[in-house]
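Report on one structure; see the data block that follows.
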Amino acid sequence: MKKIFALLLALVMMSACAVAETVNQKDEAVLNIFTWEGYIDYSTVIQPFEEETGIKVNYATFASNEEMYEKLSAVNGGDYDIILASDYILNATREAGLMQKFDASIVTNYSNLNPDFTGKFFDPANEYVVPYVSGIPLIVYDPSVVEKEIKGFNDLWDPALADTLGLIDDARVTIGMVLLSMGQSMNTTDEAILAEAAAKLESLKANIHVLEYENLHNYLVSGDIGVAYTFTPFVAMALDANPDLKVVWPEEGLGFGIDGLFIPVNAPHAKNANMFLEFLLRPEIAAVCAEWQYYCSPNAAALEVIGDWYKARPEFMGLFDRMDDAEFVLNLSPENEQKFQDIWTTFKLSL
Amino acid sequence: MAHNRTLEKADARRNMLFVLPMTLFAVVLVALPLIYVLGTSLVESGQDFSLGATFTLNNYKSLLRADYLQVFFNSLKLAFFTTVLSFIIGYPFGYCMARASRGWKALLMMLVIIPFWTSALVRIYGWKILLQANGPINAVLRSLGLIEKNIKFLGSYGSVLLAMVYCMISFMILPCHSAVDKMDFTLVEAARDLGSKPWKAFIDVTLPLTMPGILAGCVLVFVPSVGIFYLADIMGGGLVLVGNLIRDQLLKVRDWNTGSAMSMVLILITAGIYLVYRKSGGDDLGVF
C-alpha cells in the first residue's frame with residue numbers, strides 16, 4: 001500500500017512540474033513554426049534569426065493546408081506561434097476566429113510588400129496575414145515531343161496530345177482550369193456551368209496520362225509526359241533539368257495563389273512571432289526566401305536586392321504583367337466544395 | 001485448502017496487474033477513438049458526437065451512390081489482384097525457402113526481411129526511377145531491340161499493382177514459409193511411394209496441409225491492401241480508392257460525419273473478412 005501511495009505521490013509531483021512548465025512558457029525565448037516541410041530554409045533564414053534574437057525556433061510540419069486547419073482547430077488556435085499556409089485556408093482560418101492581428105508596432109516593414117499582393121480576400125484590411133511567396137500554375141511542355149505550339153488551356157484538348165498530359169490531382173485546381181478555358185470563374189457554383197465543365201473535363205480524358213498533385217516536373221523530365229500543368233516551383237525545376245522546355249502563360253486566364261504567415265489567436269509566444277514576421281519582411285531575407293522556395297516574391301523591396309538570375313527568369317517575374325488576369329481559388333461552403341469533389345470523383349472513376 | 005485459495009486469489013490479482021497496461025492501451029488508444037468515429041457517423045451533419053446531438057442514419061444512406069460503390073469496388077478489386085499475385089509469387093518463394101539448405105534459407109530470409117529496414121515510400125520512389133520512360137528498364141529493353149519507343153509504365157494500373165505486390169508480398173511469403181516448414185514431408189514421400197506423380201502429390205498433400213498458411217497470408221495481404229491508397233497516388237495511377245475518398249471527405253469537404261460513416265464501412269468490411277477467415281478455421285494471426 002505504501003508503495004502505491006509513493007507512486008501516486010510521485011505522479012502528482014510530476015504533473016505539477018508539467019503545469020509549472022506551461023506557465024513558464026509565456027516568456028520563454030521560443031518560436032513554434034507550423035508549415036510544410038522545407039518551406040522556410042534553416043541555414044539562410046531560421047539560423048540567422050536564432051542568432052540575432054536568441055529565440056529557439058521549433059519547426060513542425062503538416063502535409064496539407066486542410067491538415068493544418070484541423071490541427072489548429074483541435075488546439076483552439078494555440079500551441080503554434082507562426083503558421084504558413086495558402087490563401088483559401090487562411091481565409092477559412094480568419095473567418096473561424098483562429099487568427100490574431102499582428103502587432104504593427106513590431107512589424108514595421110509591412111510596407112515593403114507590393115500592394116498588388118495585400119488587401120486580398122483572406123485579409124482585406126491588412127491586419128492578419130503577411131504574404132510570404134506567390135505562384136501561378138503554368139503549362140510547360142517539351143517541344144521535342146509536342147509538335148503543336150501551345151498557347152492556352154484550350155490547346156490541351158488537341159487530339160495530337162493523346163496520352164501526354166500531366167495534370168494536378170486536385171478538384172478545385174483542375175476543374176478551375178477547365179472553367180478558365182470556358183471563360184468562366186474558377187469559383188463558380190452555378191450548377192449548369194459546372195455540368196458543362198464536367199462534360200468538357202470528360203472530353204480531356206484521352207489526353208491525360210497522369211494525375212499528381214506535386215512533382216509533375218519529374219514525369220516531364222523523364223519523358224513520361226509531354227505537357228504538364230503545374231505550380232511555379234515545379235515549372236522552374238523542370239526548366240532547370242531541361243532548359244529546352246517551353247513555358248506557356250495561358251491566354252484564357254490564370255490561377256493565382258499566395259502563401260502567407262499568420263499568428264494563431266492563442267499563440268503562446270505572440271511577441272516572438274511578431275519579431276519573426278518583421279525579420280521575414282526585410283528585403284534581403286525575403287529575397288533569400290523567394291530564391292530558395294522558387295516562387296514569385298510579393299516583397300517589392302526584396303526584388304531590388306534579389307539575384308539577377310532570378311530576375312532573368314520569366315516564371316518568377318512574368319506574374320507582374322498578368323496580375324489582372326489572375327484569379328484566386330476561394331474557399332467555398334461544404335455543399336459547394338462537395339459539387340467540385342463529386343465532379344472530380346466521377347471523372348477519376350471514368351479514367 | 002483455505003491457504004490455497006488465498007494463493008489463487010493473489011495469483012489472479014497479479015495477473016490482473018500484468019493485463020492492465022495492455023487493456024488500458026487497447027481501450028484508450030483503440031476502442032475509444034473507434035467509438036468516437038462510430039458516434040460521429042451516427043449524428044447529423046456538422047454536429048460533434050456529444051450529448052444533445054441528433055441521431056441519424058443519413059450519413060450511411062448518403063453512401064449509397066453509384067460512384068461511391070464504384071470506389072469501394074475499386075479498392076476491393078485492387079486488393080484482390082494484389083492478393084492473387086502475391087500468392088502466385090509468394091507461395092513458391094516461401095516453399096523454396098522452407099525446402100532450401102540452411103545457407104540458402106538464411107540468404108532468402110534476409111532478402112525478405114531487409115526491405116523492412118527502409119521506408120516503403122523510399123523503395124517505391126526507387127521503382128519510379130526504374131520504371132520512368134527514360135529509365136533503366138526501358139534502356140535495357142531498347143538496347144536488346146525489344147522495343148523502339150519507350151514504354152510509359154508509370155501511371156498504368158500495372159505499375160500500381162507492382163507497387164502493391166512489392167510492398168505486401170512479405171506478408172504472404174512468411175506464413176507460407178512457416179506452413180511449409182512445419183509440414184511433415186514424409187507424407188509427400190508416402191504419396192510418391194504409392195505411385196503419385198510429383199504435381200499430384202503436391203495438389204493432394206502439400207497444398208491442403210499448407211492451406212492454413214496460405215489463408216493467413218491472404219488475409220494479411222488483402223486486409224491492409226483495401227485501405228492503402230498512397231501507393232496508387234505515388235505511381236500516378238489516378239485511381240480513386242476508399243482511402244482517397246475518406247481523406248477528401250474529412251479534409252477537403254470537411255464533412256466529418258460522412259467521412260466517419262465511410263470509415264466505419266471500411267472497418268466492417270475488413271472485420272467481416274477476418275470473421276469469415278476465423279469461422280472457416282483460420283489461425284488467430286495473433287490479433288485477438
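The values are calculated or read from the model by the stated rules, or taken from the named source; none is laboratory data. Predicted model, so just to flag it, every value in this text is computed and none were measured. Note that we place each Cβ from the backbone using ideal geometry, even for glycine, and neighbour counts take in every protein chain shown.
Quick notes on this one:
- Positions within the range A:327-350 being under 26 Å from residue A:249 (Cβ atoms) and within 9 Å of chain B (Cβ to nearest Cβ), in sequence order: A:340, A:344
- Residue B:254 of a type in the set (Lys, Arg), within 19 Å of the chain's Cα centre (by Cα) and either modelled with pLDDT of 85 or more or under 30 Å from residue A:169 (Cα atoms) (or both): no
- Residue B:187 vs. criteria under 30 Å from residue B:282 (Cβ atoms) and touching a residue at least 60 places away in the same chain (Cβ under 8 Å): no
- Residue selected from the range B:241-260 under the condition among the aliphatic types (A, V, I, L, M) and touching a residue at least 40 places away in the same chain (Cβ under 8 Å), by the criterion nearest to the other protein chains (Cβ to nearest Cβ): B:245
Rundown of residues vs (1) assigned to a strand (DSSP E or B); (2) out of contact with any helix residue (DSSP H, G or I) (no Cβ under 8 Å at 6 or more places or on another chain), yes/no style:
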{"residue": "A:40", "(1), (2)": "no, no"}
{"residue": "A:43", "(1), (2)": "no, yes"}
{"residue": "A:60", "(1), (2)": "yes, yes"}
{"residue": "A:68", "(1), (2)": "no, no"}
{"residue": "A:77", "(1), (2)": "no, yes"}
{"residue": "A:84", "(1), (2)": "yes, yes"}
{"residue": "A:91", "(1), (2)": "no, yes"}
{"residue": "A:97", "(1), (2)": "no, yes"}
{"residue": "A:104", "(1), (2)": "no, no"}
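One line per residue, one yes/no per condition, for (1) within 30 Å of residue B:109 (Cα to Cα); (2) of a type outside the set (S, T, N, Q):
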{"residue": "B:181", "(1), (2)": "yes, yes"}
{"residue": "B:213", "(1), (2)": "yes, yes"}
{"residue": "B:218", "(1), (2)": "yes, yes"}
{"residue": "B:227", "(1), (2)": "yes, yes"}
{"residue": "B:230", "(1), (2)": "yes, yes"}
{"residue": "B:238", "(1), (2)": "no, yes"}
{"residue": "B:257", "(1), (2)": "no, no"}
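- For the range A:168-184, the criterion of a residue being of a type in the set (S, T, N, Q), surrounded by 15 or more Cβ atoms within 10 Å (Cβ to Cβ) and without any contact (Cβ under 8 Å) to a residue 40 or more places away in the chain is satisfied by at least one position.
- Conditions (1) within 14 Å of another protein chain (Cβ to nearest Cβ); (2) surrounded by 14 or more Cβ atoms within 10 Å (Cβ to Cβ); (3) assigned to a helix (DSSP H, G or I): number failed by residue B:166: (1)
- Qualifying residue in the range A:249-265 (condition: out of contact with any Leu (no Cβ under 8 Å at 6 or more places or on another chain), touching a residue at least 24 places away in the same chain (Cβ under 8 Å), surrounded by fewer than 23 Cβ atoms within 10 Å (Cβ to Cβ) and on the phi > 0 side of the Ramachandran plot): no
- Within the range A:195-235, tally of residues that are away from chain B (no Cβ under 14 Å), part of a helix (DSSP H, G or I) and surrounded by fewer than 21 Cβ atoms within 10 Å (Cβ to Cβ): 5
- Criterion violated by residue A:188 - all others in (1) in a loop (DSSP other than H, G, I, E, B); (2) more than 14 Å from every other protein chain (Cβ to nearest Cβ); (3) touching a residue at least 60 places away in the same chain (Cβ under 8 Å); (4) of a type outside the set (Lys, Arg) satisfied: (3)
- When residues of the range B:58-72 are limited to those that are within 21 Å of residue B:250 (Cβ to Cβ) and among the hydrophobic types (A, V, I, L, M, F, W, C), the one farthest from the other protein chains (Cβ to nearest Cβ): B:64
- When A:134, A:144 are checked against the criterion of being outside any loop (DSSP other than H, G, I, E, B) and either hydroxyl-bearing (Ser, Thr, Tyr) or at pLDDT below 95 (or both), a single residue qualifies: A:134.
- Checking each residue of the range B:100-110 against the condition of being crowded, with 18+ Cβ neighbours inside 10 Å and more than 30 Å from residue A:217 (Cβ to Cβ) gives at least one match.
- The range B:25-57: number of residues that are within 14 Å of chain A (Cβ to nearest Cβ) and at negative phi: 7
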